[in-house]
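**Q** Right, I'll just put the structure down here and ask away after.
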Amino acid sequence: MADTTPVPHSDAGKGLSQERAAATPTPEAGPVGEHFPASIAGFGVTFETIFRKIYTEEYPEEKRPTAERYHGRHQLNRHPDGLEKCVGCELCAWACPADAILVEGADNDDTPLEAGGTGRFSPGERYGRVYQINYLRCIFCGLCIEACPTRALTMTNFYELADNNRAALIFTKDQLLAPLQEGMLAPPHPMVEGLEERDYYQGKANAATTAQREWVAEREAAEHAADLAADAAAEGGNPK
Ligand code: SF4
């Protein structure tokens with residue numbers, strides 16, 4: 001016996017989807033000419049680029065000069081007699097948004113040599129004993145430069161700061177200190193005779209003086225004598 005149960009009309013849903021399909025705009029729906037100029041314009045850009053002069057920078061064989069105020073590697077500057085401008089105030093470290101700078105200040109020492117004095121590194125009360133910049137963090141924004149009250153910290157135009165060793169990109173004070181120029185004397189040594197800290201910032205120190213050079217020579221002689229005495233004591237205590 002044939003099944004007489006009415007079957008639901010399958011075209012009911014089809015009618016709705018057909019209506020939706022008709023209402024949806026398709027790319028083919030528009031006239032062909034409407035898209036044609038855009039394609040031509042695209043090829044125009046391609047052809048224009050094909051005939052443009054090719055410009056290849058031959059880096060690193062040829063290095064182009066940077067802009068004058070380029071933000072490159074930092075430098076810790078010196079006064080004309082060689083003393084360091086950094087006074088270890090840590091303002092640069094506080095200003096750094098990337099927390100890339102580490103500074104540890106220490107007191108300068110004006111104790112005479114014969115009393116075991118170690119000398120001073122800056123004209124201020126303190127100096128930057130530890131100074132590090134982590135170039136894995138630095139974003140070269142220059143806020144540290146703005147914060148520095150003594151113009152100790154500036155940025156150079158040097159930009160080749162890539163390495164395959166993370167530790168090598170943490171620059172220490174000896175790497176950041178400006179090299180000694182003519183007339184400068186490597187600290188520690190006293191300030192120029194008769195000058196105070198403020199005189200250095202008023203440009204009254206021009207070069208290392210004879211008294212400063214004698215002080216350094218005396219300190220080196222004392223250190224050398226101490227080394228010899230230590231060696232002699234070691235030899236005396238360990239006979240062969
Ligand atoms: S570089 Fe300038 S801001 Fe930074 S610790 Fe030295 S003096 Fe202070």
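The values are calculated or read from the model by the stated rules, or taken from the named source; none is laboratory data. Everything numeric here is computed off the predicted structure, so don't read it as measured data. Glycine also receives a Cβ, built like all others from the backbone with ideal geometry; neighbour counts cover every protein chain displayed.
**Q** May I ask you to list the residues in the range 161-181 that are without any contact (Cβ under 8 Å) to a residue 40 or more places away in the chain and over 30 Å from Ala207 (Cα atoms)?
**A** Ala162, Asp163, Asn164, Asn165, Arg166, Ala167, Ala168, Leu169, Ile170
**Q** Restricting attention to the range 115-131, which residues are surrounded by 17 or more Cβ atoms within 10 Å (Cβ to Cβ) and closer than 15 Å to Leu177 by Cα?
**A** Those that are surrounded by 17 or more Cβ atoms within 10 Å (Cβ to Cβ) and closer than 15 Å to Leu177 by Cα: Phe121, Ser122, Tyr127, Gly128, Tyr131.
**Q** Please give the number of the condition Ala205 fails out of (1) within 30 Å of Thr66 (Cα to Cα); (2) in contact (Cβ under 8 Å) with a residue 60 or more places away in the chain; (3) surrounded by 14 or more Cβ atoms within 10 Å (Cβ to Cβ); (4) not polar (S, T, N, Q).
**A** Condition (1) is where Ala205 drops out.
**Q** OK, next. In the range 111-166, which residues are near the ligand (Cβ under 9 Å from one of its atoms), at pLDDT 95 or above and in a loop (DSSP other than H, G, I, E, B)?
**A** Ser122, Cys148, Pro149, Thr150, Arg151, Ala152
**Q** Here's a follow-up. What pairs can you find where one residue is in the range 133-150 and over 13 Å from Gln75 (Cβ atoms), the other is in a helix (DSSP H, G or I) and charged (D, E, K, R), and their Cβ atoms are less than 9 Å apart, with a gap of 6+ or different chains?
**A** If the second residue must be in a helix (DSSP H, G or I) and charged (D, E, K, R), the pairs left are Leu136/Arg166.
**Q** Separate question: Would you check which residues across the range 169-189 are surrounded by 13 or more Cβ atoms within 10 Å (Cβ to Cβ) and in a helix (DSSP H, G or I) and list them?
**A** Correct list: Leu169, Lys173, Gln175, Leu176.
**Q** OK, next. Scan the range 51-109 for residues that are closer than 30 Å to Trp215 by Cβ and away from the ligand (no atom under 14 Å from the Cβ) and report the count.
**A** 5
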